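So the structure is just underneath, and the comments pick up after that.
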Amino acid sequence: MEGRFVSLVFLLALVAAAPASAAEDDGFCRNGAFPTENADFDLAVIKGQGRAYLLSDMDGCPNTSLQCRKSAWSQVVPGDRVVIGRAKGDYVCAYFPKRGGGTAGWVDKARIRQLAANSSPPPSSWIGGWSDEGDPTVQISGRGNDLRIAGRAYWPGPKPQKGWPSGRPHSGRINGKLTVVGNRANYDDEVCKIDFVLLADLLIASDNDMCGGMNVHFTAVYRRVRA
């Protein structure tokens, strides 16, 4: 009986400790998950002297140790523009958009200078083509507050490759009204739902995982596509 009592006390202690652990580990800071943070995204630039690291979100990170410095390409320099999300202690989750694919990681708050963002851009600011390295892509059109969005997304990619189980990519398509409020917007066709945030020439999108075939997502940080 005494052994059972001790076991029960130990189990209850573990249950009580779980929320505290979850609070300390407030999630990922990485490429694919960045748009899903549900954070108040803002633009910022890197300040200070020398390179700054986009630190890993693995156990024990972020900190200044070598193990948290993901690799040589996970670096930014003064003047680089980033999108910032939520904070964790002395660090902020940042996404560095660049050709060939962006990179996300934790950056020391002391290296961040936040930029003034337009929270109520004119509707025309949304209009045009947007892409995350060619997949997914969306096109926004219309006039005034009457905007529409159309787009395609694929997995693993838009062009079939040898070795894929089906031989063909999975795909998803959106086409309908875009409801805009300030610098935020929503697409909802009763199945697929996507939230958007417009920051200058960047468009952050997060979907509900119901916008196409297996592993197909419109979740991404899009850059404007020039005509």
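The values are calculated or read from the model by the stated rules, or taken from the named source; none is laboratory data. For clarity, every value in this text was computed on a predicted model and none was experimentally measured. All Cβ positions, even for glycine, are placed from backbone atoms using ideal geometry, and neighbour counts span all protein chains on display.
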**Report entry** Of residues in the range 180-192 being assigned to a strand (DSSP E or B) and in contact with a Leu (Cβ under 8 Å, 6 or more places away or on another chain), the one surrounded by the most Cβ atoms within 10 Å (Cβ to Cβ)
**Finding:** Y187
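Kindly indicate which of G142, G134 is touching a Lys or Arg at 6+ places or on another chain (Cβ under 8 Å) and in contact (Cβ under 8 Å) with a residue 12 or more places away in the chain. Outline the logic, then answer.
Details: G134 fails: touching a Lys or Arg at 6+ places or on another chain (Cβ under 8 Å).
Within the list G142, G134, the selection yields G142.
On the given criteria, is D40 under 26 Å from N118 (Cβ atoms) and in a loop (DSSP other than H, G, I, E, B)?
Numbers: under 26 Å from N118 (Cβ atoms): yes; in a loop (DSSP other than H, G, I, E, B): yes.
Here the answer is yes, as D40 does meet what is asked.
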**Report entry** Top-ranked residue in the range 65-83 [being in contact (Cβ under 8 Å) with a residue 12 or more places away in the chain and either in a loop (DSSP other than H, G, I, E, B) or of a type in the set (G, A, S) (or both); ranked as surrounded by the fewest Cβ atoms within 10 Å (Cβ to Cβ)]
**Finding:** G79
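Does at least one position in the range 160-170 carry a residue that is under 24 Å from F34 (Cβ atoms), at pLDDT below 95, within 22 Å of the chain's Cα centre (by Cα) and surrounded by 14 or more Cβ atoms within 10 Å (Cβ to Cβ)?
Our first condition is that a residue be under 24 Å from F34 (Cβ atoms); within the range 160-170, this holds for 169-170.
Okay, now just the ones that are also at pLDDT below 95, so 169-170.
Of the ones still in play, those that are also within 22 Å of the chain's Cα centre (by Cα) are 170.
Cutting the leftovers down to surrounded by 14 or more Cβ atoms within 10 Å (Cβ to Cβ) gives us 170.
Yes - at least one qualifying residue is present in the range 160-170.
Given the structure, is D90 without any contact (Cβ under 8 Å) to a residue 24 or more places away in the chain and in the same structural domain as V181 (by TED's automatic domain parsing)? Full working, then the answer.
Values: without any contact (Cβ under 8 Å) to a residue 24 or more places away in the chain: yes; in the same structural domain as V181 (by TED's automatic domain parsing): no.
When the stated conditions are applied, D90 does not pass them.
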Query raised in the report: When residues of the range 136-145 are filtered for being modelled with pLDDT under 95 and either within 15 Å of D207 (Cα to Cα) or of a type outside the set (G, A, S) (or both), how many remain?
Result: 2
Query raised in the report: So is A23 at pLDDT below 90 and assigned to a helix (DSSP H, G or I) or not?
Result: yes
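From A72, A33, A52, which residue is modelled with pLDDT under 85 and not hydroxyl-bearing (S, T, Y)? Step through it out loud before you land on a result.
Working: A33 fails: modelled with pLDDT under 85; A52 fails: modelled with pLDDT under 85.
Exactly one of A72, A33, A52 is modelled with pLDDT under 85 and not hydroxyl-bearing (S, T, Y), namely A72.
If a residue has to be free of Cβ contacts under 8 Å to residues at least 24 places away in the same chain and not in a strand (DSSP E or B) to count, how many in the range 193-203 make the cut? Break it down into steps so the answer makes sense when it comes.
Of the residues in the range 193-203, the ones free of Cβ contacts under 8 Å to residues at least 24 places away in the same chain are 193, 195-196, 201.
Filter again for not in a strand (DSSP E or B), leaving 201.
Result for the range 193-203: 1.
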